[in-house]
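Read through the structure below, which is laid out as structure tokens, and then see the notes.
Coordinate-derived values only; no laboratory data. Keep in mind it's a predicted model, so treat the numbers as computed, not measured. Cβ placement follows ideal geometry from the backbone for every residue including glycine, while neighbour counts extend to all protein chains displayed.
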Amino acid sequence: MKTKYIQLLNPIKWIRAHQLNKQNGKYDKSKSDLELNLYSKILKNDMLHYGYFEDTTIAPDTISIKSVEDAQILYAQNIIDLITDKKGLILDVGCGMGGLSAILTEQKFNVVALTPNKNQIRHIQNKYKNIPVHNCKFEEVEETKKYSTVINSESFQYINLEKGLEKINAITESGAKWIITDYFRLNNDGINKSSHLLTDFIEKIDQSNWKIVYQKDITPNILPMLRFLRLYVDRFIFPLKNFAFEKFRYKQGFWYYLTYEIREGIDKKIEKEVASIDPVKFENEKKYMIFVLERK
């Protein structure tokens, strides 16, 4: 124990800790999303979305990893079925691990992927060498090409509305389609403020040179995934966290006391993340929508 205390007095340790803290302060979630990277290790079909369950009443404890992956494939196919220009150039914005782009390529579509995430870029370049991919944010994509279809599959929530409209106008022409599948907030209540307000989105589109030609509320079809995630959080994540904290308290009471604020911060972070997958909160506060927009 004494050796541990002496290590804390080592100036080199303090310098390295400061450097790490400074480096972490530059963390950009869009370029290195740790949560999405974790999901990609669990699910092997290179999909990072909630999926589309045809059976909206399926019990969460009967859902398997296979049924989750099947639901994600069905979700992707629902998007593909909305593409009207089969020969035009498609931009898959926020392509994740490349799952949707891979299916599009298999079905002979001409697709370009886009992600600012360095881990995702590395994965796509290694696994899908025939898929061209932009390593940047949507707002930064080059404007030398015109796309007949732009897809935002659970990536629109990260894009500023005004900047997004400005960029999509620069890379499309009249008649182009913009397919958006994502969740939208119904109000400003709730802990988790991710995603756009649905009313703001519709208002901005009405004022733009785009029109909504198709829309569908698929909230019931993604709720099984949230129920599945919440089940595992309640049965595994919370018990494991409590076990670890209690083990720490029993084995290292001194450090347990000194790290109170750190543990409190972890609890608050978990509370915020869990709020985003609470099926009851989600249904009350958000809608998961499919939109097809056409440029006038």
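When you filter the trypsin sites (Lys or Arg not before Pro) in the stretch 72-140 for DSSP loop state and at most 16 other Cβ atoms inside 10 Å of their Cβ, you are left with Lys86, Lys87, Lys108, Lys129. When peptides 208-214, 111-117 are ranked by their average number of other Cβ atoms within 10 Å per residue, the highest-first order is 111-117, 208-214.
For the stretch 151-220, GluC sites (Glu not before Pro) meeting the loop criterion (DSSP other than H, G, I, E, B) and having at most 11 other Cβ atoms within 10 Å: Glu173.
Taking the Cα centre of each part, how many Å lie between the stretch 48-65 and the stretch 199-241? So the two Cα centres are separated by 14 Å. Contact order for the stretch 99-140, expressed relative to its length and based on alpha carbon pairs under 8 Å spaced 6+ residues apart, stands at 42 percent. Residues whose amide H falls under 5 Å from that of Cys95, counting only those 5 or more places apart or on a different chain, are Leu114, Thr115, with hydrogens built in the peptide plane.
Magnitude of the Cβ-charge dipole of the stretch 221-274, K/R +1 and D/E -1, about the Cα centre, nearest 20 debye? It works out to roughly 160 debye.
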